[in-house]
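Inspection log for the structure reproduced underneath, given as structure tokens.
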């Protein structure tokens, strides 16, 4: 598993390599407060646990799937069991808040190098 930060971004080619092993997708968990993400684990919950051990708060962690071979509009899928957070107002596996979805897109765009 890799923890991706602005000082340690990941390339789209690295994501494609990971995706080739995991059915053409990469599971990722994004910390919207620290603007970091974990990738390259079989389960979102494993990535969530790793980020919590590094000091992230669970309410700031959101699970996504990345499809590095897809066009930009289909690159990010907001779907994970860890997104079920009724006590924080998220009642689905998706991410109900448009502002959180936009924040995640911004973070992913900063952390993934296109080339």
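The values are calculated or read from the model by the stated rules, or taken from the named source; none is laboratory data. Source: prediction; values computed, not measured. For neighbour counting, all protein chains shown are included, and Cβ atoms are generated from backbone atoms with ideal geometry for every residue, glycine included.
Would you mind stating whether residue 27 is loosely packed, with under 13 Cβ neighbours inside 10 Å and modelled with pLDDT of 95 or more? No; evaluated as a whole, the condition is false for this residue. Among the numbered conditions (1) surrounded by fewer than 18 Cβ atoms within 10 Å (Cβ to Cβ); (2) modelled with pLDDT under 95; (3) over 18 Å from residue 104 (Cβ atoms), the only one that residue 55 does not meet is (2). Here residue 64 clears all of (1) touching a residue at least 40 places away in the same chain (Cβ under 8 Å); (2) farther than 17 Å from residue 2 by Cβ except the condition numbered (2). Is it the case that residue 72 is in contact (Cβ under 8 Å) with a residue 60 or more places away in the chain and out of contact with any strand residue (DSSP E or B) (no Cβ under 7 Å at 6 or more places or on another chain)? No: the conditions fail for residue 72. Annotation note: Cβ proximity below 8 Å between a residue of the stretch 101-115 that is modelled with pLDDT of 95 or more and a residue that is part of a helix (DSSP H, G or I) (sequence gap 6+ or interchain) occurs for 112/12; 112/15.
Sort out which residues of the stretch 1-38 are on the phi > 0 side of the Ramachandran plot and out of contact with any strand residue (DSSP E or B) (no Cβ under 9 Å at 6 or more places or on another chain), and write them in order of number. Those that are on the phi > 0 side of the Ramachandran plot and out of contact with any strand residue (DSSP E or B) (no Cβ under 9 Å at 6 or more places or on another chain): 23, 24. Does residue 13 fit the bill of being closer than 12 Å to residue 67 by Cα and exposed (fewer than 14 other Cβ atoms within 10 Å of the Cβ)? In short, yes.
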